[in-house]
Amino acid sequence: MTEKHLPYMEEFAAYLRDTEGLAERTVYRHINNAEFFLSYMSTHFFIADHDCDADELPIDAALISRGPDFLYEFFGYFLPYKAVSSPAELRTIGGSVKKLYRFFGLKGLVSQEIADDVIITIKDEIPGWMDHFGNIY
């Protein structure tokens, strides 16, 4: 795993191993994908405190609760057009973000309504987001 985890990543990794029974390699993939999504949220739409250290990402419960606001931009635009991700990567990252928000809901960092909104939105919108790849390749 990365040397410098974002907040909650150690607990998320333990959840994936202990509750979901995932192998270490799979846990590593989900952690990287979750960190990618959280970093995107932090750096693209959140105005950081000017007193923050340059390496400090403003990831807190307030930002995490805004997860549904970032889904369309991240999956429908950023991944296919800016990150040049493949359709398989989009599906894999979507699965990781769903697991992340399931964990956040169980931990109480977001309401169950927000967790369900993220999970259902990703599930329902993945086919449409994947259609964007037809315009790229």
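Only the coordinates and a few stated rules stand behind these numbers; no lab work does. Note that the structure is a prediction, hence the values are computed from the model and not measured. Every residue, glycine among them, receives a Cβ derived from its backbone with ideal geometry; neighbour counts consider all protein chains shown.
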The answer for the net charge of residues other than residue 131 whose Cβ lies under 14 angstrom from its Cβ, with Lys and Arg +1 and Asp and Glu -1, is -1
Taking 7 Å along the Cα-to-C-beta vector as the label spot, tell me the residue 39-residue 91 distance in nanometres, rounded to one decimal.
-> 2.5
What's the local net charge at residue 80, with K and R +1, D and E -1, over the other residues with C-beta under 13 Å away?
-> -2
Relative to the compact globular guide of 2.2 N^0.38 Å, what is the alpha carbon radius of gyration of the range 81-129, as a ratio?
-> 1.22
With labels modelled as points extended 7 Å from the Cα through the Cβ direction, what inter-label distance (nm, one decimal) is found for residue 120 paired with residue 11?
-> 2.5
Checking rank on 14-21, 75-82, 119-126, 32-39, with mean other Cβ inside 10 Å and highest first, the result is 32-39, 75-82, 119-126, 14-21
